[in-house]
Amino acid sequence: MSDNYNNRPVVAVVGRPNVGKSTLFNKLAGKRISIVEDTPGVTRDRIFTEVEWLDRYFTLIDTGGIEPDNGDIILSQMRNQAMLAMDMAHVILFVVDGKSGLTAADREVAQLLRKTKKPVILVVNKIDSQSQFDNVYDFYELGLGMPFGISSANSMGLGDLLDEVISYFPKGLNMDADEDLIRVAITGKPNAGKSSILNNILGEERVIVSPVAGTTRDAVDTYIERNDQKFLLIDTAGIRRKSKIYETVEKYSVIRAMTAVDRADIVLIVIDAEQGITEQDTKVAGIAHDEGKGCIFIVNKWDLIEKDNKTLGNYTKEIKEKFPFMMYAPVLFVSAKTNQRMNKILEMVVYIASEHAKRISTSALNDVIGEAVMLNQPPSDKGKRLKIYYGTQTDVKPPKITLFINDKELTHFSYQRYLENKIRENFGFEGTSVKFEYREKG
Ligand code: GDP
Ligand code: GDP
């Protein structure tokens, strides 16, 4: 049974700036790339995505997006990228530029990558036509096997590349769609109590597999089943202690958390009640929001707080103020030590997962939109008023509402916020962002 439930394969893209890593990433991500919303203090670039190839799924990481380009420190950044990739990925795509040819930086990185036991595929990008194919062989001297010529811009060679990538995955990884599994990432700063929460949950549950051995992954995954519902608990706690390379680098604990978030449906943001919200919590929550994950704030160590009848309300208010863009996320106050409300966590996860995946009928949605429009007219500009013809829910996880309108220029975020509130009053969508999309109709 354990093999079925193993981790997703991870593929990392490495290479110097401008070789076409993000172009390749976006091509492979296809339609699944998400439109990132404005959240202060959060990087806009998506550096993780799920890729589907012939009904098989894996996680792709663009290591180039992790650190911005910056002239003379390119080399050290590439070393970091390569190390991250060697540490996290099952397969590494080393991308070079077939137009500009071999560079010293390519040689340096190749030297590092030759040391790893992981499969490395040397990808020569920008081979836009057959006539440029000879350039590919120049890279053979990097000692990483036969180079693979592609053109990311023209989508040439990508299918063959994906076949190759998939052929290198170690046995036992999970490439299935996993429809009935709820993946839960447990994030939070060191010592917030993530391991204690995980152990507490596991204490009550039948453990199917724990932990999954044999992979040097960023997180330890545990599968449990409760009331016929399967959960994958992605724990980011052990990381700091395990990893030698990143021990000292605080930033990488955020990257780790981001990988866990990317793989999850529901993100638990564990906050130490005594310490309050940290910068890392803000970052991780922002990413979880942008990626449209189900989110739950867990305030742990509630036993340590001196309480009166206002404490809980005040604390909730403080969280809502720190995360104004996540008013939808529920807050649970727990103690892994005294067991207080610990049984609510999985209950809440199941509920938020159902909200996250909920579909509402077009007719019910339009009743609500119609009423909202009657109560409060859409905005107008220079005598022209926004007309909303109708709306329909076009996606789940997170829910997406597509509105058919007369003119995109007339849309306004405050009116969208108003509609979102009306939709939430009627349909809930608790714990998840709701995305909006506009389409003009003549
Ligand atoms: P990154 O810095 O490695 O992520 O590179 P980008 O994806 O941003 O690409 C750098 C430049 O190379 C951009 O101008 C791309 O349009 C261009 N580029 C990417 N892939 C190809 C390709 O297959 N052929 C050609 N001719 N240009 C490409
Ligand atoms: P992690 O680094 O986030 O995994 O945190 P741990 O689970 O290792 O917990 C860090 C410390 O906080 C340990 O000493 C725990 O015993 C303690 N701790 C965890 N949860 C609670 C709690 O609910 N109440 C109290 N008082 N201590 C806790």
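The values are calculated or read from the model by the stated rules, or taken from the named source; none is laboratory data. Predicted model only: the values in this text are computed from it and were never measured. Cβ placement follows ideal geometry from the backbone for every residue including glycine, while neighbour counts extend to all protein chains displayed.
The table that follows gives values for the structure above.
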read-out: Residues satisfying the stated conditions in the stretch 61-77, i.e. in contact with a helix residue (DSSP H, G or I) (Cβ under 6 Å, 6 or more places away or on another chain) and at pLDDT 70 or above; value: ASP62, THR63
read-out: Cβ-Cβ under 8 Å pairs, at least 6 apart or on other chains, the stretch 109-123 side outside any strand (DSSP E or B), far side among the charged types (D, E, K, R); value: VAL109/ARG16; VAL109/ARG79; LEU112/ARG79
read-out: Residues that are in contact with a Phe, Trp or Tyr (Cβ under 9 Å, 6 or more places away or on another chain) and modelled with pLDDT under 95, drawn from the stretch 408-427; value: LYS408, THR411
read-out: Residue in the stretch 397-410 that is surrounded by fewer than 13 Cβ atoms within 10 Å (Cβ to Cβ) and of a type outside the set (Phe, Trp, Tyr) present; value: yes
read-out: The stretch 346-375, residues that are touching a Leu at 6+ places or on another chain (Cβ under 9 Å) and over 30 Å from ILE224 (Cβ atoms); value: VAL368, ILE369, ALA372, VAL373
read-out: Pair list, Cβ < 7 Å and 6+ apart or interchain, from the stretch 188-214 residues that are assigned by the TED database to the domain that holds ASP272 and in a strand (DSSP E or B) to residues that are modelled with pLDDT of 80 or more and within 16 Å of ligand 1 (Cβ to nearest atom); value: none
read-out: Members of the stretch 323-358 found to be charged (D, E, K, R) and over 21 Å from the mean Cα position of the chain (by Cα), listed by number; value: LYS337, ARG341, LYS344, GLU347
read-out: Breaking point among (1) surrounded by 12 or more Cβ atoms within 10 Å (Cβ to Cβ); (2) modelled with pLDDT under 95, for LYS310; value: (1)
